[in-house]
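Following: one structure in structure tokens, then a few remarks.
Please treat every number below as a calculation from the coordinates, not as lab data. Since the model is a prediction, treat every value here as computed from it, not as a measurement. Here Cβ is always computed from backbone atoms with ideal geometry, including for glycine, and neighbour counts include all displayed protein chains.
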């Protein structure tokens, strides 16, 4: 039954009619977005700022908002009061090198495809109290775009997409990368996403409820970082859902740490010539039907990069 419901939710026909229905929220969305005037950078400006200032990023999207304000878990991450508190701590803490990212859809959807526009029209209107609550707790005057990691499937201008992706790859140009990822994520493996990096090391965490192992993940990250001679040469990329937001908040002022989300899946779509979500056989994908079923390749390079497995 769950698989049937998930299929219907992701079915193209269902999505089309859902988008039409969500269009009814356009005018109230316009009211809220213009009233708030949130200062959220565009996807490209976000990445250019990350590169120019060597910023760390902790991203808050609809999943994190559900955990904080609705006390609801998301598919791969159960709710807990501790997680909610840790997410709020990232928001309210004093930051130097760390910036908070929230979706540009809270302010503008000018770059987005129609289906994405319609989603944000509906979401912002339905969750406007949560968004205001979030902003009232934050000490940030400017936000990065949390959606920069979904550029391929959400933006409509292919030239703009190419510019964003080229800038993203500059984040780890000639750097030592530490990837902290869920099992099956395989970020940047068997593609050219990380081809310009100096080296890649990986900590593998659980794909489901990574937060339940956050203390072990913290220890593994610290062990790696204390062994590095110069942290200016290191970039940490974390793909662990809300746990990535928490860890980016904790480590972001020590070393450049980017909550990188689904970027690798997005890159896989692009490499296959798609600007929409498709099944990637070699990846775990929590957002697709049967996304936990994937093919494990015998990739010796990937295996050699793993420095710790937390299960």
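Please build a GNM for the chain, connecting alpha carbons under 10 Å apart, and tell me which residue among 129, 277, 54 fluctuates the most. Sorting by GNM fluctuation, first place goes to 129. Springs between alpha-carbon atoms under 10 Å, Gaussian network over the chain: tell me which of 230, 89, 191 tops the mean-square fluctuations. In this elastic network of the chain, the residue with the biggest mean-square fluctuation among 230, 89, 191 is 230.
Test of understanding: ordering 287, 94, 305, 170 by Cβ neighbours within 10 Å, fewest first, what list do you get? Spell out each step's value before the answer.
On the way: 287 12, 94 7, 305 19, 170 15.
Fewest to most other Cβ atoms nearby, the residues stand as 94, 287, 170, 305.
Segment 176-209 and segment 110-141 have their alpha-carbon centroids 30 Å apart.
Taking only C-alpha pairs under 8 Å that are 6+ residues apart, what is the relative contact order of the chain in percent?
Details: 496 pairs, mean separation 69.8, N = 311.
Relative contact order for the chain comes out at 22 percent.
DSSP finds beta bridges in the chain, and of those with both partners inside it, around 5 percent are antiparallel.
Ranked by how many other Cβ atoms sit within 10 Å of their own Cβ, fewest first, the residues 110, 183 fall in the order 110, 183.
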